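Below: the structure, in structure tokens.
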């Protein structure tokens with residue numbers, strides 16, 4: 001086996017870094033391209049001061065705590081922002097994952 005030259009080691013690191021970037025974007029881009037992931041359920045709690053609300057899925061008991069920000073759109077029954085969301089509301093939340101946070105893009109309140 002011949003010894004590596006200085007330039008070959010740098011090239012190997014660049015190729016490795018490129019594969020990491022490709023792997024990360026392959027996993028994260030599809031959700032962004034669709035505009036987010038939908039989650040339907042019942043609002044369990046709302047904390048406007050913290051900018052968060054919790055929703056529980058009716059059929060499986062899965063519970064997510066979402067973060068709402070100034071870009072989160074609210075639709076249905078006079079809901080304009082997080083302060084208008086009420087415990088017990090039936091909602092569909094379109095969200096994206098950012099690190100360990102579920103960022104709400106859109107919240108649609110269903111008619112009862």
Hey, does the stretch 8-19 have a residue that's in contact with a strand residue (DSSP E or B) (Cβ under 9 Å, 6 or more places away or on another chain), outside any strand (DSSP E or B) and either surrounded by fewer than 13 Cβ atoms within 10 Å (Cβ to Cβ) or modelled with pLDDT under 65 (or both)?
no
Name, by its number, the condition in (1) assigned to a strand (DSSP E or B); (2) at pLDDT below 90 that does not hold for residue 4.
(1)
Can you pull out every residue in the stretch 69-99 that is assigned to a loop (DSSP other than H, G, I, E, B) and closer than 14 Å to residue 48 by Cα?
69, 70, 72, 79, 80, 81, 85, 86, 87
Restricted to the stretch 73-109 and to residues being more than 14 Å from residue 37 (Cα to Cα) and in contact with a helix residue (DSSP H, G or I) (Cβ under 9 Å, 6 or more places away or on another chain), the residue surrounded by the fewest Cβ atoms within 10 Å (Cβ to Cβ) is 78
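The values are calculated or read from the model by the stated rules, or taken from the named source; none is laboratory data. The structure presented is a predicted model; accordingly, all values stated were derived computationally and were not measured. Here Cβ is always computed from backbone atoms with ideal geometry, including for glycine, and neighbour counts include all displayed protein chains.
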